[in-house]
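Asker: So that we are looking at the same thing, I have put the structure below in structure tokens.
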2 protein chains.
Amino acid sequence: MPKIDLAAIPQTNATTYPAEHSAPVAGRWFRRLAPATGLSHFGASHVVLKPGAWSSQRHWHDGEDELLVMLTGEAVLIEDQGRTVLRPGDICAWPQGVANGHHLINESDADCSFVVVGGGARTGGGYSDIDMIFTADSRYLHRDGRSY
Amino acid sequence: MPKIDLAAIPQTNATTYPAEHSAPVAGRWFRRLAPATGLSHFGASHVVLKPGAWSSQRHWHDGEDELLVMLTGEAVLIEDQGRTVLRPGDICAWPQGVANGHHLINESDADCSFVVVGGGARTGGGYSDIDMIFTADSRYLHRDGRSY
């Protein structure tokens, strides 16, 4: 049935971030929805943030759009303009190529969860708060091009 | 701010369905999120179904994937296999080309709402319960090719 059985999809807190930037996402537990359901035109993840966890380092994508739908709990969206509290039913959109990094932080004492969709071209992107970029082939580099 | 201000986006119950098939979606009030936010790689809508309203005629897409996230209220998903009640936090995925039509019906006495994402190629599709197909250029035809 196309209603997704989340419990049947493996959940992971894996990250490919360099070790020095991975601690904030240790409490980010996600399920990849596209491989489990046969979607091929965009990606989607169901994400649970434990208290204190970040959704990612604050980033943007040069060639991909993102859409987020808040499901449960509360998180704080951080962008260049500041902080916005997100609650169930809130929706966020980040079009490709806008160099205004975003991430969510769960500052509450309970889990929060959301669905995030991403689609477009994997052409890399940047991070707002750390000396890092990501490339079209998913490598992490310092801004001057040195490898991590 | 990338948190979407839904109230600032026009809401419509417009439909391009032929008149004889449009009545069930008269209580479907939607907002197109991509044009309002600059997303270009997939489409997304915020949809409210009034009591009794259908999300669409029961359909599938030949070249587009769909993902739905239930936000508020309750709806019944109808597919070839039968009925599934959807509640807030439920997620559905319909990969392209699966000729098993789906739609949601609000059988409750309160509004329900969801976000639906669609991406891929507009190559047409079919309807399960009525003599209608839709084409790559968004025309509605009878199954034998006659126009509506």
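Rule-based calculations on the coordinates, nothing more; no lab input. Remember, it's a predicted structure, so these values are computed and weren't measured experimentally. Every residue, glycine as well, gets a Cβ built from its backbone with ideal geometry; the counts of neighbours run over all protein chains shown.
Asker: Run the reach check for A:Lys50 against aspartates and glutamates, Cα to Cα strictly under 15 Å, same-chain hits fewer than 8 apart removed. What comes back?
Answerer: Answer for A:Lys50, where 15 Å is the Cα cut-off: A:Glu74, A:Glu107, A:Asp109, A:Asp111, listed by chain and number.
Asker: Which of B:Tyr127, B:Gln11, B:Thr84 sits farthest toward the positive end of the charge dipole of chain B, with +1 on the Cβ of Lys and Arg and -1 on the Cβ of Asp and Glu?
Answerer: Going by the charge dipole, the pick is B:Gln11.
Asker: Using only the C-alpha atoms of the range B:1-47, find the volume of their convex hull and express it per residue in Å³. Present the calculation step by step, with values, prior to reporting the outcome.
Answerer: On the way: hull volume 3.8 nm³, N = 47.
Here the figure is 81 Å³ per residue.
Asker: Which whole-number percent of Cα pairs in the range B:65-148 have a distance greater than 18 Å? Could you put the intermediate results ahead of the total?
Answerer: Numbers: 1762 of 3486 pairs.
Result for the distance tail: 51 percent.
Asker: Rounded to a whole number, what is D in µm²/s for chain A from Stokes-Einstein with the Kirkwood radius over alpha-carbon pairs (25 °C, 0.890 mPa s)?
Answerer: Details: Rh = 15.8 Å.
Estimated diffusion coefficient is 155 µm²/s.
Asker: Hey, for A:Arg83 with labels 7 Å out along Cα-Cβ, what do the inter-copy distances come to in nm, ordered shortest first?
Answerer: Ordered by increasing distance: 4.7 nm.
Asker: Still on this structure: For each of B:Ser147, A:Ser55, count neighbouring Cβ atoms within 10 Å of the residue's Cβ, then give the residues from fewest to most. Display every interim value, and only then the final one.
Answerer: On the way: B:Ser147 8, A:Ser55 25.
Fewest to most other Cβ atoms nearby, the residues stand as B:Ser147, A:Ser55.
Asker: Here's another thing I want to ask about it. Hey, for B:Thr12 with labels 7 Å out along Cα-Cβ, what do the inter-copy distances come to in nm, ordered shortest first?
Answerer: 4.2
Asker: Considering the zone a paramagnetic label at A:Ala110 would reach in this model (a point 7 Å from Cα along the Cα-to-Cβ line), which residues of the range A:71-87 have amide N under 14 Å from it?
Answerer: Zone members listed by number: A:71-75, A:87.
Asker: How many partner chain Cβ atoms sit within 10 Å of a residue's Cβ in peptide A:116-129, on average, as a whole number?
Answerer: Details: counts 0, 9, 2, 9, 5, 1, 0, 0, 0, 0, 0, 0, 0, 0.
For peptide A:116-129, the averaged partner shielding equals 2.
Asker: So what's the projected area for the protein assembly as shown, the Cα convex hull averaged over all directions, in nm²?
Answerer: On the way: hull surface 62.5 nm².
Convex hull of Cα atoms, orientation-averaged projection: 15.6 nm².
Asker: Something else about it: What number, in percent, do you get for the relative contact order of chain A if the mean sequence gap of Cα pairs under 8 Å and at least 6 apart is divided by its residue count?
Answerer: 24
Asker: Roughly what % of Cα-Cα distances in the range A:30-96 sit above 19 Å, to the whole percent?
Answerer: 39
Asker: While we're looking at this one, here's another question. Enter the mean number of other protein chain beta carbons within 10 Å of the beta carbon of each residue in B:7-17, as an integer. Walk me through the intermediate numbers first.
Answerer: Values: counts 0, 0, 0, 0, 0, 0, 0, 0, 0, 0, 0.
Going residue by residue through B:7-17 and averaging, the value is 0.
Asker: Whole-Hz ³J(HN,Hα) for each residue in the range A:4-13, computed from phi via Karplus 6.51 cos²θ - 1.76 cosθ + 1.60 with θ = phi - 60°, x for glycine and proline: what do you get?
Answerer: Result, ordered by residue: 6, 8, 4, 4, 8, 9, x, 10, 9, 10 Hz.
Asker: Follow-up question, since we're still on this one. Across the residues of A:44-55, average count of Cβ atoms on other protein chains within 10 Å?
Answerer: Numbers: counts 6, 0, 3, 0, 0, 0, 0, 0, 0, 0, 0, 0.
So the per-residue partner count for this stretch is 1.
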